[in-house]
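The values are calculated or read from the model by the stated rules, or taken from the named source; none is laboratory data. All of these numbers come straight from a predicted model, not from anything done at the bench. When we count neighbours, we look across all protein chains shown, and the Cβ atoms used for this are built from the backbone with ideal geometry, even at glycine. Keep in mind that these areas ignore ligands, DNA and RNA; they rest on the heavy atoms of the full protein, side chains included. Shrake-Rupley method; radii C 1.70, N 1.55, O 1.52, S 1.80 Å.
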Amino acid sequence: MNLVAPIATLEHPGHIDIADLAATAEAHHQATIADIERAIAKIELFHPLGPELLHEVAMHTERRLYAHHELVIQQGDYGEELFIVEKGELEVLIDVHDGMQHVATLKRGDFFGEMSLLTGEQRRATVRSDGEVSLFVVSKDSLQPVLEASPDLAENMSAVLAERELALRN
């Protein structure tokens, strides 16, 4: 006796085709990876990567969505993730003696989080969404083999790190 009620489809009323569902899910997954690859290929930071390493980064990247004024990272926290802005805008804030000071706005194609990712230091700024935001997130564990395979990427990240360090001091 079948205790599970089958889901009807137009082609086969009363049945669902698991193979079709699996194929649809796989096609969606591959399309998402292709979207991520296209997005990160446009970011100057990742220009040293060839197609295989870009694909490797995309395979280990997740998409996160944030609502208006939601905190993404908090100054003083430790972090091991790199964030890439897919859609929307974010505010970069630093805690000063008289409250939070707005120091930058991040938009599509910008990235943040590289300082903590590379150095292991605490986050030096708070980043908060300014409206609905979609971010690509790459963990240190998934980025490490790519950094080892591409010294140019590590060099680019170090250069950005130095520029941002200088900007924070000024």
What is the gain in length, in nm to one decimal, between residue 101 and residue 30 on full extension, counting 0.36 nm per residue of separation less the C-alpha to C-alpha distance? 21.5 nm
Testing the spin-label approximation: label points 7 Å from Cα along Cα→Cβ at residue 22 and residue 77. State their distance in nm. 3.8
Per residue, how much accessible surface does the chain expose to a 1.4 Å probe? Answer in Å², no decimals. 62
Hey, rough spin-label estimate for residue 148 and residue 121, points 7 angstrom out along Cα→Cβ, what's it come to in nanometres? 2.6
Set the Förster radius R0 to 22 Å, insert the Cβ-Cβ distance between residue 52 and residue 141 as r into 1/(1 + (r/R0)^6), and round the FRET efficiency to 0.05. 0.70
Run the helix sum for the chain: -39,500 (n - 2.57) per DSSP H stretch of 4+ residues, divided by residue count, reported at 222 nm to the nearest 500 deg cm²/dmol. -13000 deg cm²/dmol
Indicate the gyration tensor shape class of region 27-97 (rounded, prolate or oblate), computed on the Cα atoms with a ≥ b ≥ c the square roots of the eigenvalues: a/c under 1.5 is rounded; otherwise a/b larger than b/c is prolate and the rest oblate. prolate
Peptides ranked, highest mean first, by Cβ atoms within 10 Å: ranges 157-163, 19-25: 157-163, 19-25
Leaving ligands, DNA and RNA out of it, report the carbon-plus-sulfur percent of the accessible area of the chain at a 1.4 Å probe. 54
Calculated over the chain: convex hull of Cα atoms, volume per residue (Å³): 174
